[in-house]
């Protein structure tokens, strides 16, 4: 993908707006587990609450490919602004809903709208930044996920003390603000021109590399969402933490998640590889989440709240670190003509795994062997991902930057 010779200020402006959009979207998509205590207080079981908080993820799965195709054809600005506006309206509907089924349907629609951020904002980064800066830039963009989750952890339990309506209204406001910023400040990056009569770029899926990156990233979603979906409930119910304290702890933990994503992205730029760092990070995730499973076995009979918190912090930081590197690899392997669809496909399989992981992990924790088994499931998935990541020899180097015109205003 060609990088525009645009002033640095324009690049960072677009990255900043894309980051805000991802923060707002991820707070709505991935922050709902912090409402599980409030939902259970309303009479829902843990598996029922797990289904409800997974509704936005299901909406993502249904629409990501479509958003990616629209971004490839019509550009990022239109897709981002329309999708975030749709999410804002749906979350406002969830705030006003008075039944679990109605709330779930509104959350499904909110996920469908906010899916546009995953399909299009990655294209902004890859279109505005040269290859030597893409790993770091994508790491900053991907930091929106832990930042959004951190804000949700800090604020949603407090906003939900009198019901979940206030929490959903807050999330709706965030998406609405992001939609306005996109409409005002984003300009689509220029794309490399195709010579008249030249054939369309071949599908990158003729090679197994993209398939394997998708598969490895999907496996790495399992530990991420096993921890994100159950850590809060486990800390409150079995490790002796209050809901407010656990929410604050997990909010602060997201700072480490941001640093981990930035570090992984900068590392991949420095070594000139996305797949080597991805494989090593997957091994680290397996080891750290396996440790959390062991701590869960020993809590509270042997280990106390402090050790439980330390294990959660390590797992929460480690499990979010691989995303930016994997996204950069997908986009570079796909090229500009296929980036939107490839990122849409990548997000689709990831979010399908996420939508399945939370309810399955909740069933293991609530009606099965318990929280240790749910965390162990994530550790096993991460270790399987180590063998699925392609070897570095399969990695196509990113194309060199080429000067192309781009809007800078």
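Read the figures in this text as sums done on the coordinates, not as results from a lab. Just so it is clear, the structure is predicted and the values come from calculations on it, not from any experiment. Every residue, glycine as well, gets a Cβ built from its backbone with ideal geometry; the counts of neighbours run over all protein chains shown.
In table form, for the structure just shown:
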{"quantity": "Isotropic mean projected area of the C-alpha convex hull, the chain (nm²)", "calculated": "17.9 nm²"}
{"quantity": "Estimated distance in nm for a label pair at residue 185 and residue 252, the labels positioned 7 Å out from Cα along Cα-to-Cβ", "calculated": "2.9 nm"}
{"quantity": "Residue-span extension gain [residue 73 to residue 203] - 0.36 nm each, minus C-alpha spacing", "calculated": "45.2 nm"}
{"quantity": "Spin-label model distance (nm) - residue 211 vs residue 42, 7 Å beyond Cα toward Cβ", "calculated": "4.3 nm"}
{"quantity": "Ranking of 301, 42 by count of other Cβ atoms within 10 Å, fewest first", "calculated": "301, 42"}
{"quantity": "GNM result for the chain, Cα springs below 10 Å: residue of 87, 259, 246 fluctuating most strongly", "calculated": "259"}
{"quantity": "Sorted by Cβ density within 10 Å, fewest first, the residues 357, 299", "calculated": "299, 357"}
{"quantity": "Cα-based equivalent ellipsoid of segment 53-121: semi-axis lengths in Å, sorted from largest, via gyration tensor", "calculated": "23, 12, 6"}
{"quantity": "Value at 222 nm in deg cm²/dmol, rounded to 500, when DSSP H runs of n ≥ 4 in the chain each add -39,500 (n - 2.57)", "calculated": "-26500 deg cm²/dmol"}
{"quantity": "Cα-based helix-to-principal-axis angle, 305-320 vs the chain, degrees rounded to 10", "calculated": "20 degrees"}
{"quantity": "For the chain, built as a Gaussian network whose Cα springs stay under 10 Å, the top-fluctuating residue of 233, 366, 188", "calculated": "366"}
{"quantity": "Distance in nm between pseudo-label sites at residue 301 and residue 9 (7 Å out along the Cβ direction from Cα)", "calculated": "6.4 nm"}
{"quantity": "Cα long-axis angle, helix 371-388 against the chain (0 to 90 degrees, to the nearest 10)", "calculated": "20 degrees"}
{"quantity": "Segment 19-67 and segment 113-179: distance between their alpha carbon centers, rounded to Å", "calculated": "13 Å"}
{"quantity": "Helix 243-271 axis, angle to the chain major axis (alpha carbon atoms, nearest 10°)", "calculated": "30 degrees"}
{"quantity": "Three-way shape call for segment 298-397 based on the alpha-carbon gyration tensor, with the a/c threshold at 1.5", "calculated": "prolate"}
{"quantity": "Residue exposure sequence - 184, 363, 249, 292 - by fewest surrounding Cβ within 10 Å", "calculated": "184, 363, 249, 292"}
